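Q: Got a structure here, written out as structure tokens. Questions coming.
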Amino acid sequence: MSGSRDSLPEGLRPETLAIRTALPPSQYGENSEALFLTSGYVQPDSETSARRFAASEDFTYSRTSNPTVRSLEARLAAMEGTEGCIATSTGMGAILLLIMGVLKAGDHVICSRSVFGSTINLFAKEFGKFGVETTFVSQTDLDEWRAAVKPATRLLFAETPTNPLTEICDIRALADLAHAAGALLVVDNSFCSPALQQPASLGADLVMHSGTKYLDGQGRVMAGALCGPNSLIKDVFAPVIRTAGMTLSPFNAWVVLKGLETLGLRMKAHSENALAVARWLEARSEVARVYYPGLASHPQHELAMRQQLGGQGGAVVAFELHGQHGDTSPEAARAAAFHVIDSTRVLSVATNLGDTKSIITHPATTSHGRLSEAQRQAAGISQGLVRLAVGLEHVDDITDDLLRGLSTLNTLK
Ligand SMILES: *Cc1c(COP(=O)(O)O)cnc(C)c1O
């Protein structure tokens, strides 16, 4: 027989896996993966139905599994280099599933202080109520992580690079620390995506995604996922999602599935644009400081270039402005930041990221607006800080748009 087309040959490269990994096509032979927009499945007979329900095999009900969602899970697992993947309704839904699956009252978690704000609330506030204790530590100081380990420590949770200051943690070192403590390391890979960083290859036990960001990549749908070994994905998380229902909709799964086909190309273009914008900003006299892992001035530049595939820095750039006319007050710095943001005519003033459209944000009054000024200062989020999630427009149009405000800063009172 000529080679079977039922399964892909071994050893395909990541670009190919991102396009070809899926369930086999239906009897119609569609070339683009089908969207199975169905909640239920007709069973051939009662015996088969009983077996499928008992074993959670094949398809019975879309809270438990759906062919389009399965295709996405297979594709993302192949891209992250993990055995399995389970998709969820949102990124936060993935962390909720993680906590419900592996933690119980009395367990202890160590988490970077610089992770996504809702992640901090979910661990500390929502699961603090149920007796899960979380210690928050420095993103970059490994000694703080080590000192926080207790006999009850079950989980280390990290995100790299962070939002908005793009601080990098050493995934390999955290994995070694977690394993020595008998704990799991989970890495939120939403900022890099598997095109730029594969945490499992560096020792992470689970990789978490907000698929809402670069996996979709065009700001259309919400999605999330956990990737890891089947001993966790199939044996631990699948029974929980079947009961708890933070399931991904087939339509959203289909959008993200098709988004993954261009992920590598998009992340390369995002990184190239972001590096060019970061370099341009660093050369401007109005800009006090630029935060971007691809710049040699970044404190963890070497680690980032080692850890992130192809030495790509990702799409997020932050920069700091000072007040005009020697005014060093936070109010003057905020006025400068607001001026640059409000002078744009192309960039979107929004707080999302992971879109083809560039987004400009003032973290101190949006994503970090609920912190006290002292907490904000401890986190390095000054009033003059501006965050860019660099999109795929022509890079000169992005810098021209930033120039509108930067070149007129001296007109501020
Ligand atoms: C957006 C985001 C989340 C949450 O994902 P949702 O899909 O919005 O629920 C978690 N982590 C990071 C790093 C994010 O950027």
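The values are calculated or read from the model by the stated rules, or taken from the named source; none is laboratory data. Only a predicted model underlies this, so the values are computations on that prediction, with no experimental measurement involved. Positions of Cβ are generated from backbone atoms using ideal geometry, with glycine treated the same way; all protein chains shown enter the neighbour counts. Please note that ligands, DNA and RNA were not included when accessible areas were found on the heavy atoms of the full protein model with its side chains. Shrake-Rupley method; radii C 1.70, N 1.55, O 1.52, S 1.80 Å.
Q: Please state the relative contact order of the chain as a whole percent: Cα pairs under 8 Å, 6+ residues apart?
A: Answer for the chain is 15 percent.
Q: In angstroms, what radius of gyration and Dmax does the stretch 169-272 have, counting Cα atoms only?
A: 14.8, 43
Q: Please grab the % of Cα pairs in the stretch 330-413 that end up more than 21 Å from each other.
A: 31 percent
Q: Exceeding 21 Å between C-alpha atoms, which entries from my cross-link table qualify? They are 129/234; 213/258; 234/268; 104/129; 104/234; 357/413.
A: 129/234; 234/268; 357/413
Q: While we're here: Which order, highest average first, do 395-402, 107-114 follow once you tally other Cβ atoms within 10 Å for each residue and take the mean per peptide?
A: The packing order, highest mean first, is 107-114, 395-402.
Q: Strictly greater than 31 Å: what percent of every Cα pair in the chain meets that?
A: Of the Cα pairs, 41 percent sit more than 31 Å apart.
Q: Based on DSSP, what percent of beta bridges with both residues in the chain are antiparallel, to the nearest 5?
A: Rounded to the nearest five, the antiparallel share is 55 percent.
Q: Would you calculate the separation in nanometres between label points at residue 16 and residue 55, each defined as 7 Å from the Cα along the Cα-to-beta-carbon direction?
A: About 3.1 nm, to one decimal.
Q: Angle, helix 250-260 long axis vs. longest principal axis of the chain, Cα atoms, 0 to 90°, nearest 10?
A: The angle comes out at about 60 degrees.
Q: Also: Which value in Å is the Kirkwood Rh of the stretch 264-411 over different Cα pairs?
A: 15.5 Å
Q: Among 59, 112, 128, pick out the residue whose Cα is farthest towards the positive end of the charge dipole of the chain, where Lys and Arg carry +1 and Asp and Glu carry -1 on C-beta, about the Cα centre.
A: In the chain, that residue is 128.
Q: Nearest 20 debye, what's the magnitude of the dipole of the stretch 256-413 about its Cα centre given +1 on Lys and Arg Cβ and -1 on Asp and Glu Cβ?
A: 280 debye
Q: Could you size up the charge dipole of the stretch 21-262 around its Cα centre, putting +1 on the beta carbon of Lys and Arg and -1 on that of Asp and Glu, and report it in debye to the nearest 20?
A: 480 debye
Q: Let me ask something else about it. Please compute the Kirkwood hydrodynamic radius of the stretch 21-64 from all pairs of different C-alpha atoms, in Å with one decimal.
A: For the stretch 21-64, the Kirkwood estimate is 12.1 Å.
Q: What ³J(HN,Hα) values, in whole Hz, does the Karplus curve 6.51 cos²θ - 1.76 cosθ + 1.60 give for the stretch 144-153 when θ = phi - 60°, with x put for Gly and Pro?
A: With coefficients 6.51, -1.76 and 1.60, one gets 5, 4, 4, 5, 8, 5, 10, x, 8, 5 Hz.
Q: Here's a follow-up. May I ask you to evaluate 6.51 cos²θ - 1.76 cosθ + 1.60, the Karplus curve with θ = phi - 60°, for each residue of the stretch 235-247 and list the ³J(HN,Hα) values in order in whole Hz, giving x for glycine and proline?
A: Each residue of the stretch 235-247 in turn: 7, 9, 7, 4, x, 5, 5, 4, 8, 8, x, 7, 6 Hz.
Q: Right, another one. Could you look at the stretch 21-262 and say what percent of its accessible area is carbon and sulfur, using a 1.4 Å probe and all protein chains?
A: Roughly 55 percent of what the probe reaches on the stretch 21-262 is carbon or sulfur.
Q: Dipole magnitude of the chain about its Cα centre, charges +1 at Lys/Arg Cβ and -1 at Asp/Glu Cβ only, in debye to the nearest 20?
A: 520 debye
Q: Let me ask something else. Determine Rg/Rh for the stretch 88-173; Rg is computed over alpha-carbon atoms and Rh is the Kirkwood hydrodynamic estimate from the same atoms.
A: 0.95
Q: Just to check, using Stokes-Einstein with a Kirkwood Rh over alpha carbon pairs, what's the diffusion coefficient of the stretch 22-94 at 37 °C and 0.692 mPa s in µm²/s?
A: 238 µm²/s
Q: Amide H neighbours of residue 185 under 5 Å, counting only residues 5+ apart in sequence or on other chains, H built in-plane at 1.01 Å?
A: Result for residue 185 returns 156, 205, 206.
Q: Based on DSSP, what percent of beta bridges with both residues in the stretch 104-230 are antiparallel, to the nearest 5?
A: 20 percent
Q: Follow-up question, since we're still on this one. Where does helix 91-102 land angle-wise versus the long Cα axis of the chain, in degrees 0 to 90, nearest 10?
A: 60 degrees
Q: By how many degrees, between 0 and 90 and to the nearest 10, does the Cα long axis of helix 46-55 differ from the longest principal axis of the chain?
A: On a 0 to 90 degree scale, this one is about 40.
Q: Using only alpha carbon pairs under 8 Å that are at least six residues apart, calculate the relative contact order of the stretch 1-149 and give it in whole percent.
A: RCO, the stretch 1-149: 17 percent.
Q: Also, quick follow-up: Leaving out ligands and nucleic acids, and using a 1.4 Å probe, what accessible area per residue does the chain come to in Å²?
A: 45 Å²
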